[in-house]
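Q: Dropping the structure in here first, questions after.
The values are calculated or read from the model by the stated rules, or taken from the named source; none is laboratory data. Bear in mind that the values here come from a model prediction, so they are computed numbers and not experimental data. Here the Cβ positions follow ideal geometry from the backbone for every residue, glycine too, while neighbour counts run over all protein chains shown. Areas reflect the complete protein model, heavy atoms only, side chains present, ligands, DNA and RNA absent. Shrake-Rupley method; radii C 1.70, N 1.55, O 1.52, S 1.80 Å.
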Amino acid sequence: MGDPVTIPGVQHRLPTGLEVSFGPFDISRGQRLVLFGPNGSGKTTALRVLAGTMGSAGGPLHTAYLPQRPYMFRGSGRHNLTLGLSGREVEQAEDLARDLRIFDKLPEPAQRLSGGERQRLALARVLGSDADLVLLDEPLAAIDVRNRDIVTSAIAKGARNRVAVIVTHDRDVVATLADQVAVMVEGAVRQVGSVGEVFSLPSDNEVALAVGLGNVVSGVVVAADPPLVEVDVAGLRVWALGSQSPGSEVKVLFGAETVTVAADGQGLTSARNVWSGRLDAVRPMGRLVELLVDAGPQIAALITPGSLDALDLHEGGSVVLSLKATAARAVSVPGS
Amino acid sequence: MSFLGEVLSEALSVLANFGPELRKVLWLTLLVSGLATFIGVLLGVPFGLWLGLDRFRGRGLLLTLVNAGMGIPPVLAGLLLLLLLWSEGPLGSLGGLFTPWAMVAAQALLAIPIAAGLTAAAVRGLSSDAREQLDALGLSRPRRWWLAGVEMWPGVAAAIAAAFGRVVSEVGAVLVVGGNIKGETRVLTTAIVQEARQARFGAAVALGVILLLMAVIVNGAITWLQLREAADG
């Protein structure tokens, strides 16, 4: 990994009274920090202050900022692509425009482009700049499904030699693009860590509510049976919704509450995924209890305290987990 | 023939016999007001872009002053310049009084706040998305102003048209500093005053028609451009 870069800290009070505070964070050059949280949590404000479009302007870093709704000025797509860029940056932006399949639209009046086309064009401009710090606000929000993979690949490529801060409320974007996740709730960063850490081990109830998930595991697609794929996760076979081809690296996401727990393999089930494992830990989680099961990878399951008693489960004992394939989602990881 | 009928037929005959004297008045009007508008736009539009786009201390006060300046009575602007240019005044040594240059200066004084105030209003109409994008691009200040001005050009064009309309139609300022000297500082508006005072109503109406035509042509051209733009967009 690259040399360390410090993302400056942000303190800003909104007219609504929300006090937004973020960072500073030390991160390696080449890493992507995803700022995740519910709507109204202050993510966009933090990004705007970093970009200097809000609050006291001017940090030490040269930033390039993609607003949530990029605006196209009068003139052609090319005019908009090159705004504020120097000669070398223009070439980089044009290459990215090709990758993002927007190059052919450059001669057209930019204000006639669709929302997704505007976002791809603006992304090519931002990633084409030589800025040290790239700030992207919901970069996939207006992107349709068939272009998601090219956009995530372009972000991964364009952010390679610098630091990117990406704001999103979309878990798939977190799973796809984050090296580090910072979860923001009510203006404050509550937890920072890897995707697996934050999603599987939320630090408190509010973070758990915000991430609303429980399981993010990495693996490789071994078979496809549309609309499902079979993924090898550290030896565990997981069926999930997905359209990736065999050999693709993916992350599989599913909620802890969708995992069914039994004491043994008795009883018929329609679930494609039936895994046995050892119960590692039992933790209270609000009105529920969370079971952490070693099934190869660690899997989290949420059940009621009543079920825990009825099943007579003990730490160290064996359990059988099942999960409908349609409750799990495989998302592509951009090629590194 | 009725009185008004007589005035009208006389006006028509003046227009039909468009002579060198009238041509000179028309030419001087276009020159003085055109130059004054040019100066007013050159100073007023960037000033308006600054007021409309940048955040700084005292901006509200400046905006208030500019808006007040849009309503300054022309005769007062003329009086101010008269005092400055009077032989014992601070700029008396320039000797510009009762020349077209003094008239240009007086009208420019009227054009600047109009150009600035309406330009500021135009760019303040940029959507919040456009403003954020404008800030996000990290452009130099003049490029930022230029981009915003081009984006809101129908409003900026209206500001320029309004500035020209204001100065070409005013009589107070040019009368005070120009003196309405025949063949030297007489423009359409001061000529109308002159003709009306001497009860040559036909000639006054003829000059009024020319003045009206100029206003219609300038504003018609701007409106046409704006409509064409709206149809494109």
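Q: Using packing as a proxy for protection, rank A:118-129, A:157-168 so that the peptide with the highest average count of other Cβ atoms within 10 Å comes first. Provide the component values of the computation, followed by the final result.
A: Values: A:118-129: 25.8, A:157-168: 22.4.
By packing density, highest mean first, the sequence is A:118-129, A:157-168.
Q: Let me ask you something else. Taking amide H positions as placed 1.01 Å from N in the peptide plane, with prolines and chain starts having none, which residues 5 or more places from A:Phe25, or on another chain, fall under 5 Å of its amide H?
A: When sequence neighbours closer than 5 places are left aside, the close amide H contacts are A:Ile7.
Q: Mean-square fluctuation check for chain B, GNM, Cα pairs under 10 Å: which of B:Glu151, B:Glu170, B:Glu132 is largest?
A: B:Glu132
Q: Accessible surface of A:Ser28 in the full protein assembly, 1.4 angstrom probe, to the nearest 10 Å²?
A: It works out to around 30 Å².
Q: Using amide H atoms built in the peptide plane, which far-off residues or other-chain residues are under 5 Å from A:Gly40 H to H?
A: The answer is none.
Q: Also, I was wondering about something else. Leaving out same-chain residues fewer than 8 places away, which aspartates and glutamates sit with a Cα under 20 Å from that of A:Lys324?
A: The reachable aspartates and glutamates, counting only those whose Cα sits under 20 Å from A:Lys324, are A:Asp172, A:Asp225, A:Glu230, A:Asp232, A:Glu257, A:Asp264, A:Glu290, A:Asp294.
Q: Also, quick follow-up: Return the average number of partner chain Cβ atoms within 10 angstrom of each residue Cβ along peptide B:131-144.
A: Mean partner-chain Cβ count within 10 Å for B:131-144: 6.
Q: Could you tell me which of rounded, prolate or oblate describes segment A:108-149, using a ≥ b ≥ c as the square roots of the eigenvalues of the alpha-carbon gyration tensor, with rounded for a/c under 1.5 and, failing that, prolate when a/b is larger than b/c and oblate otherwise?
A: Working: a/c = 2.37, a/b = 1.33, b/c = 1.79.
Here segment A:108-149 falls in the oblate category.
Q: Just order A:179-192, B:118-131 by mean Cβ neighbour count inside 10 Å, highest at the front, would you? Intermediate values should be presented prior to the final figure.
A: Working: A:179-192: 20.6, B:118-131: 19.1.
Going by the mean number of other Cβ atoms within 10 Å, highest first, we get A:179-192, B:118-131.
Q: So if R0 is 51 Å, what FRET efficiency would B:Ile72 and A:Asp26 give, r being the distance between their Cβ atoms, rounded to the nearest 0.05? Could you put the intermediate results ahead of the total?
A: On the way: r = 58 Å, r/R0 = 1.14.
Efficiency, rounded to the nearest 0.05: 0.30.
Q: Reachable lysines from B:Lys24, Cα under 24 Å, same-chain residues fewer than 8 places away excluded?
A: B:Lys182
Q: So with the 1.4 Å probe, I'd like the accessible area per residue for chain A, rounded to whole Å².
A: Values: 14610 Å² over 336 residues.
Per residue, chain A has 43 Å² of solvent-accessible surface.
Q: Return a whole-number percent for the relative contact order of segment A:246-313, with Cα pairs under 8 Å and 6 or more residues apart as the contact set.
A: Working: 74 pairs, mean separation 21.3, N = 68.
About 31 percent, as a whole number.
Q: Are there residues in segment A:80-106 whose accessible area shrinks by at least 30 Å² when all protein chains are included rather than the chain by itself, and which are they (probe 1.4 Å, ligands and nucleic acids not counted)?
A: Residues of segment A:80-106 that lose at least 30 Å² of accessible area once the other chains are added: A:Leu83, A:Gly84.
Q: Heavy atoms only, probe 1.4 angstrom, no DNA, RNA or ligands counted: give me B:Trp50, B:Trp86 ranked by accessible area, highest first. Could the numbers behind the result be given before it?
A: On the way: B:Trp50 75, B:Trp86 120 Å².
Per-residue accessible area, sorted high to low, gives B:Trp86, B:Trp50.
Q: From the phi angles alone, apply the Karplus equation (6.51, -1.76, 1.60; θ = phi - 60°) to segment A:107-116 and give each ³J(HN,Hα) in whole Hz, x where the residue is Gly or Pro.
A: x, 7, x, 5, 6, 9, 6, 6, x, x
Q: How many Cβ atoms of partner chains, on average, are near each residue of A:72-78 if near means within 10 Å of its Cβ?
A: Details: counts 3, 8, 8, 3, 0, 0, 0.
Mean partner shielding for this stretch: 3.
Q: If you take every DSSP beta bridge whose two residues both sit in chain A, what share of them, in percent to the nearest 5, is antiparallel?
A: On the way: 57 of 77 bridges.
Rounded to the nearest five, the antiparallel share is 75 percent.
Q: Then there is this: List the relative contact order of chain B as a percent without decimals, with contacts defined as Cα pairs under 8 Å and 6+ residues apart. Write down the numbers at each step before the final one.
A: On the way: 294 pairs, mean separation 72.0, N = 233.
Value for chain B: 31 percent.
Q: Residue by residue, what Karplus-based ³J(HN,Hα) values in Hz, rounded to whole numbers, does segment B:133-144 have, using 6.51, -1.76 and 1.60 with θ = phi - 60° and x for Gly and Pro?
A: Computed from phi, the couplings for segment B:133-144 are 4, 4, 6, 5, 6, x, 7, 5, 4, x, 5, 5 Hz.
Q: Please report the spacing between the Cα centers of segment B:3-20 and segment A:93-157 in Å, no decimals.
A: Each part's Cα centre sits 66 Å from the other's.
Q: Follow-up question, since we're still on this one. Return the long-range amide H neighbours of A:Leu313 (sequence gap of 5 or more, or a different chain), with a cut-off of under 5 Å between placed amide H atoms.
A: Result for A:Leu313 returns nothing.
Q: I'd like the distance separating the alpha-carbon centroids of segment B:172-233 and segment A:242-285, in whole Å.
A: Result: 84 Å between the Cα centres.
Q: Taking 8 Å as the Cα distance limit and 6 or more residues as the minimum spacing, I'd like the relative contact order of segment A:58-128 as a percentage.
A: Working: 80 pairs, mean separation 33.0, N = 71.
Over segment A:58-128, the number comes to 46 percent.
Q: Please list, or write none, the lysines whose alpha carbon is within less than 26 Å of the alpha carbon of A:Lys105, excluding same-chain residues fewer than 8 places away.
A: A:Lys105 reaches A:Lys157.
Q: Something else about it: With a 1.4 Å probe and all protein chains kept in place, how much accessible area does A:Asp312 have, in Å² rounded to the nearest 10?
A: It works out to around 100 Å².
Q: Hey, another quick one. Count the net charge of all other residues whose Cβ sits under 14 Å from the Cβ of B:Glu10, scoring Lys and Arg as +1 and Asp and Glu as -1.
A: -1
Q: Along segment A:16-30, what does the Karplus equation 6.51 cos²θ - 1.76 cosθ + 1.60 (θ = phi - 60°) give for ³J(HN,Hα), rounded to whole Hz, x for Gly and Pro?
A: Running phi through 6.51 cos²θ - 1.76 cosθ + 1.60 with θ = phi - 60° gives 6, x, 5, 8, 9, 9, 8, x, x, 10, 9, 8, 7, 4, x Hz.
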